[in-house]
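What follows draws every value from the coordinates through simple rules; no lab data is involved. Note that this is a predicted model, so its numbers are computed, not measured. So basically every Cβ, Gly included, is an ideal-geometry build from the backbone, and we count neighbours across all protein chains shown.
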Amino acid sequence: MAQAVKPPVTRQTVGIIADGAFKVLLAGAYIAGAAPLGRLLGVPAWLMVVSGVALLVGGGIEIRYVRRRRMRTYTLLMVAYDSGWMLTALVGLLMAWQGGSAGGEVWIGYQTAAPVVLAALLMAAAPS
């Protein structure tokens with residue numbers, strides 16, 4: 001019976017695991033501190049909890065599939081995710097500086113949707 005050979009652990013693999021672990025830790029902070037963080041960011045506590053759950057799922061799937069998907073796939077998806085994260089953070093800051101109240105909703109909204117999209121794309125990607 002043939003056994004599948006898993007790729008070796010590289011710096012990229014460690015980086016992907018660290019990125020997924022950061023999402024999981026951030027999810028814990030969002031869930032545990034939903035009320036105070038929600039007040040600080042101007043979003044309802046339930047949105048913080050939903051965002052935390054989305055980050056937990058996304059980070060978990062990112063870690064789970066690290067050795068099952070091509071590094072190129074991971075790299076492209078992580079660059080897109082992190083670019084979106086940075087852009088929404090900048091938009092949120094600009095909105096807050098201009099006196100708007102939706103900056104936190106934009107940023108947390110991204111934190112809710114993007115990990116789910118990343119997880120779905122990883123699961124749908126061709127195996128390594």
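For V116 and V91, FRET efficiency with R0 = 25 Å and r from the beta-carbon atoms, rounded to 0.05?
Given R0 = 25 Å and the Cβ-Cβ separation, E is 0.80.
On a 0 to 90 degree scale, rounded to 10, what angle separates helix 103-124 from the longest Cα axis of the chain?
20 degrees
Between L25 and R64, what is the spin-label point distance in nm, taking each point 7 Å from the Cα along the Cα→C-beta axis?
2.2 nm
What percent of all Cα-Cα pairs in the stretch 11-124 falls into each 10 Å bin, going from 0 up to the bin containing the maximum distance?
Percent of Cα pairs in each bin: 15, 44, 29, 10, 1.
Contact order normalised by length for the stretch 11-124, with contacts defined as Cα pairs under 8 Å and 6 or more residues apart; what percent is it? Show your work: numbers first, answer last.
Numbers: 138 pairs, mean separation 37.1, N = 114.
About 33 percent, as a whole number.
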